[in-house]
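Below: one structure, written as structure tokens.
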Amino acid sequence: LYVFRDISQNGIMLSNIFQVNTKQTPPEQDCDNVRIENNYVHHVGIEYLGCVGIFSGFPKNSVIAHNEVAYVPYCGIFQGWGWMNFWETWVDDDPSTHTHNENNKVLNNLVHHVLLTPNDGSAITTREVGDGGGIYTLGIQPNLEISGNVVEYFGRTELATAIYLDDGTRFAIA
């Protein structure tokens, strides 16, 4: 068990958000086959209130499982990146146009006491965080599986859900 606490930024960060598609990133820079398991991530985002417990940008074949994430100003687990702006490059039968975000799993995590920051545009945040969830997804993610997770207690509830499938989320099973 690893403990991550009292951190100004995200608790755990997986993958570079600038890794957009397989044509642009050399294979040696892929974030592939990573497991984030059995961690206790709490009281993160202390100074930067748009932060999350575990952030996973563009990985592939990765697993986030059996973690407890608590007391986070924004989302507990953030899986994916890219909104809808990668759709114009996406060709279903051409894998070279796909984002790296594929075949990932978010399984059996306990996420609680999230979205603790009011959406008030406070000077300390870099942006207002109006929506969110215990587990939040964004972008095209073939074969993303989200199951067996427990999400409870939101500090604020407008536009918040246990699992929030936001803009551009496609091909996910929750």
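The values are calculated or read from the model by the stated rules, or taken from the named source; none is laboratory data. Because the structure is a prediction, the values reported are computed rather than measured. Neighbour counts run over all protein chains shown; Cβ positions are idealised from the backbone, glycine included. For the accessible areas, the whole protein counts, side chains as well, though only heavy atoms, and no ligand, DNA or RNA atoms are used. Shrake-Rupley method; radii C 1.70, N 1.55, O 1.52, S 1.80 Å.
Going through the stretch 134-152 one residue at a time, which ones are at pLDDT 90 or above and either open to solvent by less than 50 Å² (accessible area, probe 1.4 Å) or more than 18 Å from residue 59 (Cα to Cα) (or both)? It would help to see each step written out before you state the result.
So the first thing to find is which residues in the stretch 134-152 are at pLDDT 90 or above, and the list is 134-137, 143-152.
Once the filter is applied, which keeps residues that are at pLDDT 90 or above and either open to solvent by less than 50 Å² (accessible area, probe 1.4 Å) or more than 18 Å from residue 59 (Cα to Cα) (or both), the stretch 134-152 yields 134, 135, 136, 137, 144, 146, 147, 148, 149, 150, 151, 152.
Within the stretch 56-67, count every residue that is crowded, with 23+ Cβ neighbours inside 10 Å, at pLDDT 95 or above and in a strand (DSSP E or B).
Counting residues in the stretch 56-67 that are crowded, with 23+ Cβ neighbours inside 10 Å, at pLDDT 95 or above and in a strand (DSSP E or B) gives 1.
Any idea which residue in the stretch 27-43 is surrounded by the most Cβ atoms within 10 Å (Cβ to Cβ), counting only those that are touching a residue at least 24 places away in the same chain (Cβ under 8 Å) and farther than 17 Å from residue 1 by Cα?
Within the stretch 27-43, the first condition is being touching a residue at least 24 places away in the same chain (Cβ under 8 Å), and the residues that meet it are 30-43.
From what is left, the residues that are farther than 17 Å from residue 1 by Cα are 30-33.
On the way: 30: 16, 31: 19, 32: 13, 33: 11.
Taking the candidates together, the pick is 31.
Any residue at all in the stretch 68-76 that's assigned to a strand (DSSP E or B), hydroxyl-bearing (Ser, Thr, Tyr), crowded, with 21+ Cβ neighbours inside 10 Å and modelled with pLDDT of 75 or more? Before the answer, list the steps.
We begin by selecting, within the stretch 68-76, every residue assigned to a strand (DSSP E or B); these are 68-70.
If we keep only those that are hydroxyl-bearing (Ser, Thr, Tyr) too, we end up with none.
No, because not a single residue in the stretch 68-76 is assigned to a strand (DSSP E or B), hydroxyl-bearing (Ser, Thr, Tyr), crowded, with 21+ Cβ neighbours inside 10 Å and modelled with pLDDT of 75 or more.
For residues in the stretch 44-55 being assigned to a loop (DSSP other than H, G, I, E, B) and either touching a helix residue (DSSP H, G or I) at 6+ places or on another chain (Cβ under 9 Å) or open to solvent by less than 20 Å² (accessible area, probe 1.4 Å) (or both), which is farthest from residue 162 (Cα to Cα)?
So in the stretch 44-55, the residues assigned to a loop (DSSP other than H, G, I, E, B) come out as 45-53.
Filter once more, so that each one left must be either touching a helix residue (DSSP H, G or I) at 6+ places or on another chain (Cβ under 9 Å) or open to solvent by less than 20 Å² (accessible area, probe 1.4 Å) (or both): 45, 51-53.
Values: 45: 20, 51: 17, 52: 14, 53: 15 Å.
Result: 45.
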